[in-house]
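Novice: Below are the structure tokens for one structure; questions will follow.
The values are calculated or read from the model by the stated rules, or taken from the named source; none is laboratory data. Bear in mind that the values here come from a model prediction, so they are computed numbers and not experimental data. A quick note on method: Cβ atoms are made from the backbone with ideal geometry, for glycine too, and the neighbour counts reach across all protein chains shown. When the accessible area is computed, the model is the full protein with side chains, heavy atoms only, and any ligands, DNA or RNA have been set aside. Shrake-Rupley method; radii C 1.70, N 1.55, O 1.52, S 1.80 Å.
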Amino acid sequence: MAGRQSFGVLRSSLPPEASAEAEAITDALDRDLSLADLRRARAMTQDQLASDLQIGQASIAKLERRTDMYLSTLRRFVEAMGGELDITARFPDQPPVRLRGLGEIAGDKP
């Protein structure tokens, strides 16, 4: 393990701006977020996301305010930010179960 440094040592060597940004992203990802908060935590603008999804910026603004949408839409939104959407069911008497096949668009791989 020679030559390896702990994450704390690496993080402490970051310039102050980068350290503050990393801290903000870490804090944001440690709590429940709205889609707009998630987009901002990923340092993306509505325009960037709209371009990636090939839709207008106004459509992104509408999506971020919605409380109900198709899983396939949410999945595309998350993937455009570089993530992966997982749906997990939790029951008090068993371990969490990851649900698969939800929100996939016809032709997507399972």
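Novice: Among the residues that make up region 102-109, is at least one of them of a type outside the set (D, E, K, R), outside any loop (DSSP other than H, G, I, E, B) and either out of contact with any strand residue (DSSP E or B) (no Cβ under 6 Å at 6 or more places or on another chain) or at pLDDT 90 or above (or both)?
Specialist: no
Novice: Test Glu21 against the stated conditions and say whether it is exposed (fewer than 14 other Cβ atoms within 10 Å of the Cβ), assigned to a helix (DSSP H, G or I) and under 12 Å from the mean Cα position of the chain (by Cα).
Specialist: Here the answer is no, as Glu21 does not meet what is asked.
Novice: Out of Ser59, Ser34, which single residue is surrounded by 13 or more Cβ atoms within 10 Å (Cβ to Cβ) and hydroxyl-bearing (Ser, Thr, Tyr)?
Specialist: Ser59
Novice: Right, Arg76: modelled with pLDDT of 90 or more, open to solvent by 70 Å² or more (accessible area, probe 1.4 Å) and in contact with a Ser or Thr (Cβ under 9 Å, 6 or more places away or on another chain) or not?
Specialist: no
Novice: Find the residue count for region 24-52, including only residues that are in a helix (DSSP H, G or I) and under 15 Å from the mean Cα position of the chain (by Cα).
Specialist: Residues flagged as in a helix (DSSP H, G or I) and under 15 Å from the mean Cα position of the chain (by Cα) within region 24-52 amount to 17.
To keep it simple, each residue is scored yes or no on (1) of a type outside the set (D, E, K, R); (2) modelled with pLDDT under 80; (3) more than 28 Å from Thr67 (Cα to Cα).
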{"residue": "Pro15", "(1), (2), (3)": "yes, no, yes"}
{"residue": "Thr26", "(1), (2), (3)": "yes, yes, no"}
{"residue": "Arg31", "(1), (2), (3)": "no, yes, no"}
{"residue": "Asp37", "(1), (2), (3)": "no, no, no"}
{"residue": "Met44", "(1), (2), (3)": "yes, no, no"}
{"residue": "Gln48", "(1), (2), (3)": "yes, no, no"}
